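Written out below as structure tokens is the structure these notes cover.
Nothing in this text is a laboratory measurement; each read-out follows from the coordinates by a stated rule. Since the model is a prediction, treat every value here as computed from it, not as a measurement. Cβ: placed from backbone, ideal geometry, glycine included. Neighbour counts: every protein chain shown.
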Amino acid sequence: MSAVLTPARLDEALRLLAENPAALAMAGATDLLVRRRGAIPGHEPVLLSLAHVAELQGITEEAAFLAIGAATPFSRIIADPLVHRYAPLLAQAAQTIGGPAIRNMATLGGNICTASPAGDSLPPLYLLDARIELASPAGGRALPIAAFILGPGRTALEQGELVTRILLPKAPRFPRERFIKTGRRKALAISVTSFAGRARLDQDGRIAEIRMAWGSVGPTVVRLPALETELVGAPVHAATVERVGLAVHQGVAPISDLRASAGYRRLVAANLATQFVEALGG
Amino acid sequence: MKVRFELNEAPMEIDVAPDRRVVDLLREDLRLTGTKEGCGTGECGACTILVNGQTRLSCLMVAAQLDGARVTTVEGLAATTAGATIQRAFVEEGAVQCGFCIPGMEMAALALLRQGDAPGRECIREGLSGNLCRCTGYTKIVDAVERAGRDLHAGREEQ
Amino acid sequence: MSPREPLQVGRPEIRYDAAAKAAGTEPYAADLYPENLLWAGVVRAGVASGRLRSVAAEAALTVPGVVRVLTAADVPGPNRHGIIHRDTPVLVDGRVRHAGDAVALVIAETHAALRQAIGRVRAEIEPLPAVFDPEAALGEDAPLVHEERPGNILLAAEIRKGAADQALAGCEVVVEGEFSTSMQAHIFLETENGVARLEGDGTVSMTVSSQSPFRDRFEVGAALDIPYDRIRIVAPSLGGGFGGKDGATVQCLLALAALHAGGRPVKMHWQREESMAAGYKRHPCRTRYRLGADRDGTLRALYCSLLYDTGAYAHLGGEVMELGMEHAGGPYRIPHVLIEGRCVYTNNPVAGAMRAFGVCQVAFAMESMMDLLAHQLAMDPLELRLRNALVDGDVNCAGLPLTTSTGMVGCLEMLRDHPLWRERQAWKDGAPPHARRGVGLAAVFNASGYGGKVRDAAIAKVELNPDGRIAIHNAVTDMGQGNACGFVQMAGSILGQDADQLELRQPDTATAYPSGSASAGRTTYTFGNALIRACEELRQRLINRAGLLLFLDDDCELRLVPGKVIHPPTDREVPLSRLAAFMPREDRVCISQFVAPVCRQVPDTATGFFIGFPHVIFAYGAHLARIEVDLRTGLIRIDDYVAVTDGGAVLNPCLFDQQIQGGVAQGIGYALMEEVERREGCIQSESLATYLIPTAVDVPDILSCRLSGNEATGPFGLKGVGEVAMNGPLPAVANAVADACGIRLRRAPFTPERVLLALEEQA
């Protein structure tokens, strides 16, 4: 049996965390309690529930950014008008996570801190230039998400720190945005390959700006900045699409695991990207 | 730890280990065995309950999380119009075979039908996508939820 | 208040158990938490092959709340169980043969103490060479899984009719193919579990989620040296079975625990991961086929070789293969047939009984071959099947002349007339860019009953209770297939009663009578036939006793209606409760029996068969799948599915459709996504996150069409339809993919990866 601490405010949560350095922060617990099944009973660490910490809840609009509380469940994110206004790509991705009940429980902060290479919220967050706000007794800091997620299951979170909010800069939406997740079945499936894309065309129908991110094809979300730069000014035609396919096929670094082989993931990563680019012409 | 919550519209207080799984609390401590466990990892939905009106998986919740909450289990369905309508539809539409998934399905259906007007079949399938069934192939379960949606809608219109 | 109406066969009467299940009040074995209970749990080997050197329990015994740690030394009796071959140790006493082998049994006060203690038991297992590939297992140098089984062969058998090799050589067209199917898991939502107690009088009583409570007593008794009549087993409604609860799962372990629990009840409930590791599975199978025909499509000859991987222990492996061999030629007339089968041991998880056992593996192969042949002949695949489909009086591929109802043609004709078949081209032409659409067929069949040399019989008991309600003492487990409802409906229609006046008691070996297992699609057929006789007898008896009570000189105007016996000419009546008060107990009980028909002239085509050959009653089906393949990901989406079934007469259309829809869904999982992944014999896909079954968004509305028919030997003319539908989806989807993309998938399941890689190869 282990204690469950339930602070109501952030300073209390940080204090409890400092006093119980081995405590596990818990919000929706959908990953944590699954991992706990393998733990030896009697030696489970203290749980620190963040579900009632006021500062971690809810979605607010600030001057320059949209702030999503780390303990906000995905169902809330999906339903929120602010998210639909400023970050519909994130809502698209959230819609594919788990099933309806899981979406009521799992939180954005949890998905980020679990830092699975297959985390569905992650590719959109990279494309949205998300910043992760952290708090500790010593103060606060914020990191770009690409600097926060270090590898499979590893983040820059330091001892005694909590993720408080996810900040999404308010920027004009891209006219074309798409998140696609593929798995071995249609629902409740851990992603085999996922793709997020944002693009805008100039008045001649050429690519003015394009951003792409892939999940489950590398230890963390994969970006191909050189390709993105190269594509500026490119017309949306067969040669461009083929170029994208080749570059993606070579640029991603998937592994083979229980769910899929590396070869398959490469193929699909390329196909999802070419599908997106092709559709820009439509 | 003393956990106080509302269970099926009645006050409940129980002294329990704060990290006891809610599915165990319900089944073993409270003898409410209608909520089932099929996987323990949140994949099958058999343990679905409502917490503050939302579906949650009780195999991935600990007792401390219930404090101050409003909880509904399958045992509380018959007392509500929506719950009773859903149960009758499941029975009459042939949606019940082995029955082990049914309490969870009914909870998911309840949450879905409370969201608005009578949903179509695609929407119903999405709403039930977190609940596995191995016996029925889902067709008659969708029939049941579709019918319950119509029955509830008609009932509301009458009022 | 509306007048009471008796139940009637043929009507979609509401399932007897539906209300309790919808309310969450139906008690499954998993829902039992007796007072003062102890928890039992198993320490498993974790390696696929080895010799158990020692089990160190000291560390486990220091965990507070741990009561005992049992090993093989604590097992009284032979310590071997099995349905036919008693080859499985209750607790390993020497060889470890698969990773799920039970090495020790822990008993503890709480679940937490149990899990902690299990983690601390130290089993020393000296690794031994292992074999995981069934072809390798046949090799000369392969390590032997069982010393007394040379070549690792459980069973090698043959069906030979005519001269296939010669006939093939002379055929105008010959097609060939090799196919393989996966290890599938049952994934019932209620995992293996039970509660057991040693009673004061020395009886071991248990309530178990079991498909075979009567036979379990023999399995437990033989393993632990307990007389079978000192074992009482109750099987409540199961949360699914599908064959995985046929044969001892927890039963021997529970009995062993009960013997060491000081009279306290002991509960065991396998978590999902343990069910995956230790529960039974479907046999993976590899097949090689050569099929020869005339130019006009008339089938002439078939050669096939089948290899079934039975894993570490026999279970029903031989019988699975035999049934597959009996069905290997499909529901067709083929004059020359040579079917070779081998069922081999490996150090893989144990393969046992699973819905449509043996048959769904060969249905994939044969129905794929039929489409290959149709393609070769440029012939319509449905016409090809119709041309060769079995009819009454034909001799089937196993050499059996068909004397029971054979509705294959009717099913195919119904499918041929269905809009989904007729309008297939227009639908296919509407495929969006980057997708291809296809339509695929399968003609399937599945025997019901145990087959030759195995007693397929039932004994039904019905009882008029003092309160006037009539109890049916069911003896065959209801695992969701709804036989309880079927029986209530039969009884109601014969006895003129409605559901309120009837009560169904789930199997209890103390009060019901041996009637075989809930398997082989036999329960409604076999027990139903016994029940009809018992109900007829009770009906006559109730009429007679009422006549006596009313002092009539002639009983022929007496009738049973819900709740009473009435005499319309004199407008008098006797409520059943009053009648019951008038009758002593022995007079209120009727017991009757039925033995299923056997084949009187066993074909001489089969060599090496042990038991279970031949079968005489078959259900038939014709299936159609409309699919769309996403060319970018390889994901197959099934948009529409139709299953036409010949099940004889239909007792309850709703129950019938339930079985078909459920079988199709399981078949869709088998076709698209289900595969128990193993490495070195250890299961990798241990949770429902990694072993995927279809969700509500993965299957379309499944349309079940019922061919009207009649099986003269069946209760009210029915046949069992529990299994046949399972056989359709895998070949129907394979044929649809070939139709859509021109690729022939031979290795199931058709994961998006396999599909995409096949498409890449084609390009």
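Taking every alpha-carbon pair under 8 Å whose residues sit at least 6 apart, the range C:522-602 reaches a relative contact order of 36 percent.
Summary value for chain C: 16 percent relative contact order, contacts being C-alpha pairs under 8 angstrom separated by 6+ residues.
Based on Cβ point charges of +1 for Lys and Arg and -1 for Asp and Glu, what charge dipole magnitude is obtained for the range C:17-136 about its Cα centre, in debye rounded to the nearest 20?
Details: 12 positive and 14 negative charges, 67 e Å.
I would put it at about 320 debye.
What residue among A:ALA187, A:HIS237, A:GLY205 has its Cα farthest toward the positive end of the dipole of the range A:176-280, where the charges are +1 on Lys, Arg and -1 on Asp, Glu, each on the Cβ? Ranked along the dipole, the leading option is A:ALA187.
In terms of overall dimensions, the C-alpha atoms belonging to the range A:18-156 reach 47, 37, 29 Å along their principal axes, ordered largest to smallest.
How high is the FRET efficiency between A:GLU61 and C:ARG422 when r is their beta carbon distance and R₀ equals 45 Å, given to the nearest 0.05?
0.20
Distance from the C-alpha centroid of the range A:1-43 to that of the range B:1-60: 19 Å, rounded to the whole angstrom. Label zone (A:ASP129, point 7 Å along Cα-to-C-beta; backbone nitrogen cut-off 14 Å) within the range A:63-78: A:64-66.
Grab the DSSP H runs of chain A that are 4 residues or longer, score each as -39,500 (n - 2.57), total them, divide by all residues and round the 222 nm result to the nearest 500 deg cm²/dmol. Could you put the intermediate results ahead of the total?
On the way: 12 runs with 96 residues, N = 282.
Result for chain A: -9000 deg cm²/dmol, rounded to the nearest 500.
In this simple spin-label model, placing a label point 7 Å from the Cα along the Cα-to-Cβ direction at both C:CYS705 and A:ALA8 gives a separation of 6.6 nm.
Apply the a/c threshold of 1.5 to the C-alpha gyration tensor of the range A:100-211 and tell me whether it is rounded, prolate or oblate. Please report the intermediate quantities before stating the final value.
Values: a/c = 2.33, a/b = 1.32, b/c = 1.77.
In terms of gyration-tensor shape, oblate.
Span-like helix check, chain C: qualifying full DSSP H segments, with Cα axial length of 24 Å or more and mean Kyte-Doolittle of 0.0 or more, are C:359-377, C:528-550, C:653-672. Given A:THR155, C:ILE494, C:CYS343, which one lies farthest toward the positive end of the charge dipole of the protein assembly as shown, if we put +1 on the Cβ of every Lys and Arg and -1 on the Cβ of every Asp and Glu? Looking along the dipole axis, the top candidate is A:THR155.
Once you reduce the range C:677-697 and the range C:416-460 to the center of their Cα atoms, the two points are 26 Å from each other. Counting Cβ atoms of other protein chains within 10 Å of each residue's Cβ and taking the mean over peptide B:55-68 gives 6. Assign one of three labels to the range C:119-223, namely rounded, prolate or oblate, based on the Cα gyration tensor with a ≥ b ≥ c the square roots of its eigenvalues; rounded applies when a/c is under 1.5, prolate when it is not and a/b is larger than b/c, and oblate otherwise. Because a/c hits 1.5 or more and a/b exceeds b/c, the range C:119-223 counts as prolate. Normalised radius of gyration (Cα atoms, divided by 2.2 N^0.38 Å) for chain A: 1.04.
From the alpha carbon gyration tensor of the range B:2-76, can you work out the equivalent ellipsoid semi-axes (sqrt of 5 times each eigenvalue) and give them in Å, largest to smallest? Intermediate values should be presented prior to the final figure.
Numbers: eigenvalues 59, 35, 25 Å².
Each semi-axis is the square root of five times an eigenvalue, giving 17, 13, 11 Å.
In the range C:570-660, what trypsin sites (Lys or Arg not before Pro) fall in a loop by DSSP, with at most 13 other Cβ atoms inside 10 Å? Of the trypsin sites (Lys or Arg not before Pro), the ones in loops of the range C:570-660 whose Cβ has at most 13 other Cβ atoms within 10 Å are C:ARG600. Annotation: the range C:598-732 has a Kirkwood hydrodynamic radius of 17.3 angstrom, from the mean reciprocal C-alpha pair distance.
So what is Rg over Rh here for the protein assembly as shown, counting just Cα atoms and using Kirkwood for Rh?
Details: Rg = 30.9 Å, Rh = 31.8 Å.
That ratio is 0.97, to two decimals.
Radius of gyration over Kirkwood radius for the range C:687-739, both on Cα atoms: the Rg/Rh ratio is 1.11.
May I ask you to derive the FRET efficiency for C:GLU135 and A:ALA262 from their Cβ-Cβ distance with R0 = 45 Å, giving the value to the nearest 0.05? FRET efficiency, C:GLU135 to A:ALA262: 0.95. With neighbour counts taken as other beta-carbon atoms within 10 Å, the residues B:PHE90, C:PHE594 rank, fewest first, as C:PHE594, B:PHE90.
222 nm [θ] for chain C, helices only, -39500 (n - 2.57) per DSSP H run of 4+, per residue, to 500? All intermediate terms of the calculation are to be shown ahead of the outcome.
Details: 20 runs with 203 residues, N = 763.
Only helices count here, giving -8000 deg cm²/dmol.
For the range C:402-560, what is the relative contact order in percent, using Cα pairs closer than 8 Å and at least 6 residues apart in sequence? Please list the in-between numbers first.
Details: 182 pairs, mean separation 35.9, N = 159.
Relative contact order, the range C:402-560: 23 percent.
Restricting the GluC sites (Glu not before Pro) of the range C:138-243 to loop positions (DSSP other than H, G, I, E, B) with no more than 13 neighbouring Cβ atoms within 10 Å leaves C:GLU140, C:GLU147, C:GLU148, C:GLU172, C:GLU199.
So for C:MET673, C:MET321, fewest C-beta neighbours within 10 Å to most, what's the order?
Working: C:MET673 23, C:MET321 33.
The fewest-first ordering by Cβ neighbours comes to C:MET673, C:MET321.
Assuming a ≥ b ≥ c are the square roots of the Cα gyration tensor eigenvalues, decide whether chain C counts as rounded (a/c under 1.5), prolate (otherwise, with a/b larger than b/c) or oblate. Let's see the in-between values first.
Working: a/c = 1.77, a/b = 1.10, b/c = 1.60.
Taking the square roots of the gyration eigenvalues as a ≥ b ≥ c, chain C is oblate.
Fewest Cβ neighbours within 10 Å first, please rank C:SER708, A:SER261, C:SER210 accordingly. Numbers along the way, then the final one.
Details: C:SER708 12, A:SER261 15, C:SER210 32.
Neighbour counts put them in this order, fewest first: C:SER708, A:SER261, C:SER210.
Tell me the angle of helix B:81-92 to the major Cα principal axis of chain B, expressed in degrees between 0 and 90 and rounded to the nearest ten. Compared with the principal axis, the helix lies near 60 degrees. Centre-to-centre, using Cα atoms only, the range C:141-204 and the range A:116-174 are separated by 53 Å. In whole percents, the pair-distance distribution calculated for the range A:176-280 from its alpha-carbon pairs, binned every 10 Å from zero, is 16, 50, 26, 8, 0.
Given the Cα atoms of the range B:81-158, and with Rh set as the inverse mean 1/r over their pairs in the Kirkwood sense, what is Rg to Rh to two decimals?
Numbers: Rg = 11.2 Å, Rh = 12.1 Å.
That ratio is 0.93, to two decimals.
In this structure, A:ALA138 and B:MET1 have a Cβ-Cβ separation that, at R0 = 30 Å, corresponds to a calculated FRET efficiency of about 0.45. Checking the cross-link pairs A:LYS181/B:LYS140; C:LYS281/C:LYS453; B:LYS36/C:LYS267; A:LYS181/C:LYS428; C:LYS461/C:LYS564 against a 23 Å limit on the alpha carbon distance flags A:LYS181/B:LYS140; C:LYS281/C:LYS453; A:LYS181/C:LYS428 as lying beyond it.
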